[in-house]
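Here is the structure we will look at.
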Amino acid sequence: MSSEAKIRLDRVEKKYHGTSVPAVEELSLDVHEGEILVLVGPSGCGKSTTLRLINRMIEPTGGKIYLDDEDVTTVDPDKLRRRIGYVIQQIGLFPHQTIAQNIATVPRMLKWDKARIAARADELLHLAGLDPEIYRDRYPKELSGGQAQRVGVARALGADPEIMLMDEPFGAIDPITRERLQNEFLRLQAELKKTIVFVTHDIDEAIKMGDRIAILGERSVIRQLDTPERILAFPVDQFVDDFIGAGSTIKGLNFEQLSGLRLGGYPTIRSDQSPQAGLEALNESNKTWLLVVDEQNRPMRWMREGDLQQSTGSYQDEGSEVRIRLNAEDTLFDSLEQMLQSESGSCCVVDRHGALTGVVEMAHLRRAIRRAQVEARRHYEDLEDNA
Amino acid sequence: MTDQITHREMPTGTEGSEAGPPVVPREGFFAMWRRLQLGLWLAPLGILALVGVLYMYYQNLDLANAVRQTRSALQWETKLWPQMLQHVQIAFVATVVVVIVAVPLGIILTRPAFRRVGPYVVAVANSGQALPAYGLLVLFGAAMGMNRTAAMWAFVVYALLPVLRNTMVGLDQVDRSVIEAGRGMGMTRMLVLTRIELPLAVPVILAGVRVAMVLNIGMATLAFLIGGGALGVTIYSGIELNQNSVLIVGAVLVAIVALTFDWLGAVAERYLRPRGI
Ligand SMILES: Nc1ncnc2c1ncn2[C@@H]1O[C@H](COP(=O)(O)OP(=O)(O)O)[C@@H](O)[C@H]1O
Ligand SMILES: [Mg+2]
């Protein structure tokens, strides 16, 4: 991801006619090429206004807007919008046009030839996970809410714009379908690498969708702009803290993989070793549990001191079975979930062949959380020092 | 369309055995009527039947022994047929002019720049309809001379309101988010109007045109008052001669013309309505 600003807002202001307080006040913001920047904030804080300033659905009353370093506050707004995908919560499919015609809206305006338009419509239906044979000639009223929203996204991608503006695109969809559409969209974005400004009032959606998140307060003032990890680890003020709400620490665990942890040694014996060796290994460490592994170093059973003392040395049906094994790519959140369920309060991490690479314990998570917080705080202190 | 009936689910067997034989849900009479659009296809039959009845009535009139004025008033080639053509002509031309005036006016009055004057123009159009039709005719006759053109213009003013109001309502009821999506993709205001707003308003506008058409056919009966001819002439002589046969033939012919055009309007509404809505 290059960090060059694809979209730049420079002290943009919008004062609606007949109001004294601006809806957007002196907003400066860079959106990097290929990222999803989420604008999130309470209802009425000016998110939609900000978004609509970018494609000039609303004319700014002050400031400049640049796309690729080109000042677009003076170009023809209709031509500008054909270069920018726009998705709204209500979708706004044209009810009297077929799905294919809907998707072809922008290509038609750009006067593509018929064959190219038809091919593009089919391609986009495929991308949206809808079979062209079935859906091409349907009308919007024959679609479910989720399907309609997919078509809405496909239509916005019509002429392959580099920039997409999305205003609460999944806001009116039931939670299960919303989750699926979010995942599909993230998969699509990994391929397409559009520059996206995404508006939502739902902090969880922001955390999930955003490469970076701008938390906005009244008059669209940026309260914090950063990666979701850093915002969760270090909310800069009470407003942001309140807005993120409870559970920010746990949500933060989603962003770190187990591969990032330094896991220390853990008492282990091979299944051909004696219980006596196990007791010695256990006493040398300060742990309560010991792991029995097989010849390929794959974790088999959890044993306590008492289990070892009564052990016959076969380790069959002794102690408790290792049920869950995580990989290095799993997140700390996954490991927390498993730890809470396991008797030993810890969780095995294994490699591709199932061989043990380490054991995650609660202390590791605690340390990881503290480290993220300290790093984030240091980051903000550095910013202040440089300012 | 018929698979709505055949694919309808039956109550399950267990339910049926407890509560007696399963009840097959029946489509209501009116639902079936609407579904098959029987009205649309039965109406011409009704109109033809009316024509048949009138024809028989006319054939059985003892015109040879009737008074001279009656015989003359009921002549087909020189009286009834030309009057009927005049009738259709007045109503049709007036309606076309109404559409040419009211639809663009309705479009202009729903654009942001003129939205605020809309209510005033509607009020003026309203007063056109509130005036007594007779007075309106006389006014136009006095101003433009006693002829068919004057009558036609009077009817234009009279029938303007339904088309104007329906055009405005039809355009206003188009979902804002559909327009927003169109504008957001870079459609010009003109494109949004022609490709989205107008097609979506067509059903409502057509309903207004149909009302205006029927209104005009009724009004054309009064055109004779300022020398505009049409079937009102026959009806009026029926009253003047105190001859019911003349009155009946004239009135039924008006009814046939009105029903025929109303039916044409219904067919137009059915087939000009965009698919998907
Ligand atoms: N067309 C408008 N005219 C006047 N005020 C408006 C208009 N649109 C929005 N506002 C006001 O601007 C503020 C921000 O609105 P909006 O951008 O829609 O907020 P959000 O999308 O964050 O909910 C609100 O106080 C709203 O009342
Ligand atoms: Mg909004």
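The numbers here are math on the coordinates, done by the rules we state, and not lab data. Fair warning: this is a prediction, and the values are worked out from it, not measured in the lab. For neighbour counting, all protein chains shown are included, and Cβ atoms are generated from backbone atoms with ideal geometry for every residue, glycine included.
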Compactness relative to 2.2 N^0.38 Å, alpha carbon Rg of region A:241-387: 1.27
Can you pick out the pairs among A:K251/A:K287; A:K79/A:K194; A:K208/A:K251 whose Cα atoms lie more than 21 Å from each other? A:K251/A:K287
Acute angle (nearest 10 degrees) that the helix A:362-386 long axis makes with the longest principal axis of chain A, alpha-carbon atoms: 40 degrees
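Dipole magnitude of region B:89-271 about its Cα centre, charges +1 at Lys/Arg Cβ and -1 at Asp/Glu Cβ only, in debye to the nearest 20?
Charge dipole of region B:89-271: 540 debye, to the nearest 20.
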Highest mean first, how do B:255-262, B:158-165 rank when packing is the count of other Cβ atoms within 10 Å averaged over residues? B:158-165, B:255-262
Cut-off 17 Å (backbone N to label point 7 Å along Cα→Cβ of A:D160), residues of region A:34-62: A:34
To one decimal place, what orientation-averaged projected area in nm² is obtained for the convex hull of the Cα set of region B:90-151? 4.7 nm²
Before rounding to the nearest 500, sum -39500 (n - 2.57) across all DSSP H runs of length at least 4 in chain A and divide by the residue total; then give [θ] at 222 nm in deg cm²/dmol. -11000 deg cm²/dmol
Rounded to the nearest 0.05, what FRET efficiency do B:E27 and A:H126 have when you use their Cβ-Cβ distance and R0 = 30 Å? 0.15
Sorting A:A100, A:I213, A:V40 by the position of each Cα along the dipole of region A:5-246 (Lys, Arg +1; Asp, Glu -1; all at Cβ), the one nearest the positive end of that ordering is A:A100
Positive end of the charge dipole of the protein assembly as shown (Lys, Arg +1 and Asp, Glu -1 on Cβ, about the Cα centre): tell me which of A:I231, A:N297, A:Y86 has its Cα farthest that way. A:Y86
Packing rank of A:285-294, A:362-371, where each peptide gets the mean count of other beta carbons within 10 Å, highest leading: A:285-294, A:362-371
Report, in whole Å, the centroid distance computed from the Cα atoms of region A:318-387 and region B:81-142. 78 Å
If you average over every viewing direction, what projected area does the convex hull of the Cα atoms of chain B give, in nm²? 22.8 nm²
With the dipole of chain B worked out from charges on the C-beta (+1 for Lys and Arg, -1 for Asp and Glu) around the Cα centre, which of B:G145, B:V93, B:Y55 lies farthest toward the positive end? B:G145
Other chains near A:95-103: what is the mean number of their Cβ atoms within 10 Å of each residue's Cβ? 4
What lysines sit close enough to A:K141 to cross-link, taking a C-alpha to C-alpha distance under 26 Å and skipping anything fewer than 8 places away on the same chain? A:K114
Cα convex hull of chain A - mean projected area over all directions, nm²: 25.0 nm²
Spatial separation of Cα centroids for region A:93-157 and region A:222-243, in angstrom: 38 Å
Would you list which aspartates and glutamates come within 14 Å of A:K64, measuring only between C-alpha atoms, while excluding same-chain residues fewer than 8 positions from it? A:D10, A:E13, A:E25, A:E26, A:D30
Need one value for A:83-90: mean number of C-beta atoms belonging to other chains within 10 Å of its residues' C-beta atoms. 3
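Using Cβ counts within 10 Å as a stand-in for footprinting exposure, how do A:D382, B:D175 rank, fewest first? Mind dumping the intermediate values first?
On the way: A:D382 10, B:D175 15.
Exposure proxy ranking, most exposed first: A:D382, B:D175.
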